[in-house]
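Note sheet for the following structure.
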Amino acid sequence: MRLAVGYEILYQLPQPTPMMLTLNVHHSRAADILVPDHLTTSPAVPFSQYRDGFGNWCTRLVAPAGQFRIASAGTVADSGQPDPVPRHAWQHPVQDLPDETLIFLLGSRYCETDKLTETAWHLFGHTALGWARVQAVCDFVHQHIKFDYAQARATRSALEAFHEGVGVCRDYAQLAVAFCRCLNIPARYCTGYLSDLGEPYSPVPMDFAGWFEAYLGGQWHMFDPRNNKPRQGRVLIATGRDATDVAITNTFGPNSLTGFTVWTHAAD
């Protein structure tokens, strides 16, 4: 099947403002891109692109004062199948992990492993290793956090989400990431598009989604503690240690977000 993906983001800026954007479909889906998701701006400004330390495609530009529009629309080939569930995936001993996964065992800005390790082992130390242990983490986080857009907070950490018991998809993902790292399972935060294919109609406007990947059985596997079930139409944009590394926009100056629209739907 074909998925239409895209966004329109509107800012009001009092002065010229440098921006860093992480909004392109991830390079791991490059072969699936049928219509490239080229970034456009209005008014048009020059920009440059680069790959960050995690391999994500990023854009740099300076937005002019006034109203500024960032937009993109692309089409991605997709199997249409729900997220895979390879329950046989095993957990690697730390000494056998590839070097590039080790950074995802460590604490980060929003995933305080040093403060959650004792809790993680108390909650999950009895569970079977591998996929079953990560799924036990997801089951707990899914039940422990109440989803509430009205209580979203950009600075909420995994520890705060655990104590407050409320949040949005990034909070579910970051708490699960922190628990996995405490349990010696490399875990990285992910952001991207997630469709509503196969789901009951919801009047809530679509947003970018947050989930995570755990390194098991020699590869990265997707987990989504917010929804905690296989979903269709998931398209990765970026991965990193936590939400800091995959922020869709970083603005270096005063600004007001005046419009935000995201879409992911079947293009057939």
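The values are calculated or read from the model by the stated rules, or taken from the named source; none is laboratory data. In this text the structure is predicted, and so the values were computed from the model without any measurement. A quick note on method: Cβ atoms are made from the backbone with ideal geometry, for glycine too, and the neighbour counts reach across all protein chains shown.
On the given criteria, is Thr101 part of a helix (DSSP H, G or I) and farther than 25 Å from Val25 by Cβ?
On the way: part of a helix (DSSP H, G or I): yes; farther than 25 Å from Val25 by Cβ: no.
Considered against the rule, which asks whether it is part of a helix (DSSP H, G or I) and farther than 25 Å from Val25 by Cβ, Thr101 comes out as no.
Looking at (1) in contact with a Leu (Cβ under 9 Å, 6 or more places away or on another chain); (2) under 21 Å from Thr258 (Cα atoms); (3) in a strand (DSSP E or B); (4) of a type in the set (A, V, I, L, M), which one does Val76 not meet, given that it meets all the others?
Tallying (1) in contact with a Leu (Cβ under 9 Å, 6 or more places away or on another chain); (2) under 21 Å from Thr258 (Cα atoms); (3) in a strand (DSSP E or B); (4) of a type in the set (A, V, I, L, M), Val76 fails exactly one: (2).
Counting just the residues of segment 64-108 that are free of Cβ contacts under 8 Å to residues at least 60 places away in the same chain and under 30 Å from Pro16 (Cβ atoms), which one comes out surrounded by the most Cβ atoms within 10 Å (Cβ to Cβ)?
If we take residues in segment 64-108 being free of Cβ contacts under 8 Å to residues at least 60 places away in the same chain and under 30 Å from Pro16 (Cβ atoms), then Phe68 is surrounded by the most Cβ atoms within 10 Å (Cβ to Cβ).
Which number in (1) touching a residue at least 60 places away in the same chain (Cβ under 8 Å); (2) under 11 Å from the mean Cα position of the chain (by Cα); (3) buried (at least 22 other Cβ atoms within 10 Å of the Cβ) marks the one condition that Leu183 misses?
For Leu183, the exception is condition (2).
Tell me which residues, restricted to segment 143-170, are assigned to a helix (DSSP H, G or I) and small (Gly, Ala, Ser).
Applying the first criterion (assigned to a helix (DSSP H, G or I)) to segment 143-170 yields 143-144, 149-151, 158-164, 169-170.
Ala150, Ala158, Ala161 - these are the residues of segment 143-170 that are assigned to a helix (DSSP H, G or I) and small (Gly, Ala, Ser).
Rundown of residues vs (1) touching a Lys or Arg at 6+ places or on another chain (Cβ under 6 Å); (2) assigned to a loop (DSSP other than H, G, I, E, B); (3) over 30 Å from Phe179 (Cβ atoms), yes/no style:
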| residue | (1), (2), (3) |
| --- | --- |
| Ala31 | no, no, yes |
| His38 | no, yes, yes |
| Thr41 | no, no, yes |
| Phe54 | no, yes, no |
| Thr59 | no, no, yes |
| Phe68 | no, no, yes |
| Pro86 | no, yes, no |
| His92 | no, yes, no |
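Test Val76 against the criterion of being more than 30 Å from Val35 (Cα to Cα) and modelled with pLDDT of 95 or more, and give yes or no.
Working: more than 30 Å from Val35 (Cα to Cα): no; modelled with pLDDT of 95 or more: yes.
In short, no.
List the number of the failed condition for Tyr201; all other conditions in (1) at pLDDT below 95; (2) closer than 21 Å to Ile145 by Cβ hold.
With respect to (1) at pLDDT below 95; (2) closer than 21 Å to Ile145 by Cβ, Tyr201 is out only on (2).
Looking at (1) over 16 Å from the mean Cα position of the chain (by Cα); (2) assigned to a helix (DSSP H, G or I); (3) touching a residue at least 12 places away in the same chain (Cβ under 8 Å), can you tell me which one Gln174 breaks?
Result: Gln174 passes all but (1).
Check segment 190-204 and report whether any residue there is touching a Cys at 6+ places or on another chain (Cβ under 8 Å), assigned to a loop (DSSP other than H, G, I, E, B) and not charged (D, E, K, R). If you could, list the steps in order and put the result at the bottom.
At the first step, the residues of segment 190-204 found to be touching a Cys at 6+ places or on another chain (Cβ under 8 Å) are none.
So far as segment 190-204 goes, no, none of its residues is touching a Cys at 6+ places or on another chain (Cβ under 8 Å), assigned to a loop (DSSP other than H, G, I, E, B) and not charged (D, E, K, R).
Residue-wise test of (1) among the charged types (D, E, K, R); (2) in a helix (DSSP H, G or I).
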position	(1), (2)
Glu118	yes, yes
Leu129	no, no
Ala132	no, yes
Val137	no, yes
Val141	no, yes
